[in-house]
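A short write-up of the structure that comes next.
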Amino acid sequence: MSLPSIQNVAKPGAKPAKRKAVSDVVALSVGGEGVPAVRVRKTKDGTLEVTAAAVLDLPGNLPDSQAVAEADVTRWALPRAFQAARAAIAVVSPQGSLRLTEDAAEVDGSVRRAALKTAGDLPSLVATLPEYQAAWTARLFPEGRRPTACSIQLASSASLNVLLAAAGKQNVVAFLASPASTALVGVQGGDPVFYREYGEGQKDIRSALMANMRIDAEMAESILNDAMVDPTPVIEPILRPLFRQAEIAGDYLMRRGNAGVDRFVIIGLKSGLRYWSSIFELMTGQVLTEIEPDAGLRWNCKKPDTAKTGLSVFTAAFGAARAVLEEA
């Protein structure tokens, strides 16, 4: 299962236009720092293979108003290694939303939306993005040049695709970490049955370290990635409420399906995994493990230098690629 694209969905209740099966796609994440991009193709035996990956330096910023979007004439020309025929784009937008909710049918031309019905007894998982941001994103690639945009997703729903691919039919409680927030997800039998976003996360940890230790952002990230200084006293108060919610989500899965949680996992964490894991185990008695965003993919190119951040910056891009290729 993968989350639906909001490409070509202008009205509530409309369905995305059918497209030919895609076997080679470049996927990009826009709206954050730089433009993380991956090119992934599906081989004849069904394997997903990474053929290029890099954080690209491309012009323009995701617009925050319709007026800005209409005035922006930004167009992208990708490096040759990323010139697949089709492009899938994950959008990092504070104005977007992803939540389990009733799929109301009122017409709102200012919003693109897509809904996925998961478990039969639950509301749909609905993704929304302002129309002007969706339209701006689709226009990034000029006509007549490779690639052509075929899919637009929220970065959060794209990242969720990575989790769903890795979870299979297991019962999983997951943290989807992003710079600005943390989403808590419950997956049961392959279906997302719980999804909620929280404001706390990586940005708060970094800010707390900077204020407490009077250091800059780079030094804060360095502390989270080594063992020279133990930042646990600063981190623990921020993570405790999140971890309590994870316990509640685990109880919900138990009540709903009369089956325990197989795994507690985290995806997209830039730094500090050892501290998230150790605090989680001390607090809950459970093990918290990481799922890499390239889980299940084969590399047929040199991996990018991610010594400081791992592959976390590519999480949404890999998820956007999966959404397209797993339909083929």
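Criterion first (of a type outside the set (D, E, K, R), over 24 Å from residue 156 (Cα atoms) and touching a helix residue (DSSP H, G or I) at 6+ places or on another chain (Cβ under 9 Å)) does residue 246 satisfy it?
no
Could you say which residue among 310, 319 is in a loop (DSSP other than H, G, I, E, B) and either open to solvent by less than 10 Å² (accessible area, probe 1.4 Å) or in contact (Cβ under 8 Å) with a residue 12 or more places away in the chain (or both)?
Details: 319 fails: in a loop (DSSP other than H, G, I, E, B).
Testing whether each residue is in a loop (DSSP other than H, G, I, E, B) and either open to solvent by less than 10 Å² (accessible area, probe 1.4 Å) or in contact (Cβ under 8 Å) with a residue 12 or more places away in the chain (or both) leaves just 310.
What pairs come out if I take residues in the stretch 269-280 that are free of Cβ contacts under 8 Å to residues at least 40 places away in the same chain and pair them with residues that are open to solvent by less than 50 Å² (accessible area, probe 1.4 Å) and outside any loop (DSSP other than H, G, I, E, B) whose C-beta lies under 6 Å away, six or more apart or interchain?
277/288
Filtering the stretch 199-227 down to residues that are touching a residue at least 24 places away in the same chain (Cβ under 8 Å) and either basic (Lys, Arg) or open to solvent by 40 Å² or more (accessible area, probe 1.4 Å) (or both), which residue is nearest to residue 239 (Cα to Cα)?
200
Could you please let me know if residue 260 is in contact (Cβ under 8 Å) with a residue 60 or more places away in the chain, on the phi > 0 side of the Ramachandran plot and either surrounded by fewer than 16 Cβ atoms within 10 Å (Cβ to Cβ) or not in a helix (DSSP H, G or I) (or both)?
No: the conditions fail for residue 260.
Which count do you get for residues in the stretch 132-161 that are touching a strand residue (DSSP E or B) at 6+ places or on another chain (Cβ under 6 Å) and open to solvent by less than 10 Å² (accessible area, probe 1.4 Å)?
9
Which one is nearest to the chain's Cα centre (by Cα), of the residues in the stretch 223-241 that are at pLDDT 90 or above and assigned to a loop (DSSP other than H, G, I, E, B)?
For the stretch 223-241, the residue satisfying everything is 231.
Does any residue of the stretch 88-102 turn out to be free of Cβ contacts under 8 Å to residues at least 24 places away in the same chain, open to solvent by 40 Å² or more (accessible area, probe 1.4 Å) and over 20 Å from residue 312 (Cα atoms)? Before the answer, list the steps.
Within the stretch 88-102, the subset free of Cβ contacts under 8 Å to residues at least 24 places away in the same chain is 102.
Add one more test, that the residue is open to solvent by 40 Å² or more (accessible area, probe 1.4 Å), and what stays is 102.
Now drop any that are not over 20 Å from residue 312 (Cα atoms), which leaves 102.
Within the stretch 88-102 (the criterion being free of Cβ contacts under 8 Å to residues at least 24 places away in the same chain, open to solvent by 40 Å² or more (accessible area, probe 1.4 Å) and over 20 Å from residue 312 (Cα atoms)), the answer is yes, since at least one residue qualifies.
Just checking, how many residues over the stretch 103-131 are under 15 Å from the mean Cα position of the chain (by Cα) and open to solvent by 20 Å² or more (accessible area, probe 1.4 Å)?
So the answer is 1.
Could you check how many residues of the stretch 242-260 are among the hydrophobic types (A, V, I, L, M, F, W, C), within 23 Å of residue 312 (Cβ to Cβ) and either at pLDDT below 95 or touching a strand residue (DSSP E or B) at 6+ places or on another chain (Cβ under 8 Å) (or both)?
Final tally of qualifying residues: 3.
Would a scan of the stretch 242-255 turn up a residue that is farther than 20 Å from residue 197 by Cα and of a type in the set (Phe, Trp, Tyr)?
no
One line per residue, one yes/no per condition, for (1) within 19 Å of residue 319 (Cβ to Cβ); (2) of a type in the set (Ser, Thr, Tyr):
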residue: 112; (1), (2): yes, no
residue: 115; (1), (2): yes, no
residue: 119; (1), (2): no, no
residue: 125; (1), (2): yes, no
residue: 128; (1), (2): yes, yes
residue: 136; (1), (2): no, no
residue: 143; (1), (2): no, no
residue: 173; (1), (2): yes, no
residue: 197; (1), (2): yes, no
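In the stretch 32-43, is there at least one residue being under 30 Å from residue 189 (Cβ atoms), open to solvent by 30 Å² or more (accessible area, probe 1.4 Å), at pLDDT 95 or above and not aromatic (Phe, Trp, Tyr)?
Taking every residue of the stretch 32-43 in turn, at least one turns out to be under 30 Å from residue 189 (Cβ atoms), open to solvent by 30 Å² or more (accessible area, probe 1.4 Å), at pLDDT 95 or above and not aromatic (Phe, Trp, Tyr).
The values are calculated or read from the model by the stated rules, or taken from the named source; none is laboratory data. Predicted model, so just to flag it, every value in this text is computed and none were measured. All Cβ positions, glycine included, derive from the backbone under ideal geometry; neighbour counts span all protein chains shown. Protein only, heavy atoms only, side chains kept; ligands, DNA and RNA dropped before computing areas. Shrake-Rupley method; radii C 1.70, N 1.55, O 1.52, S 1.80 Å.
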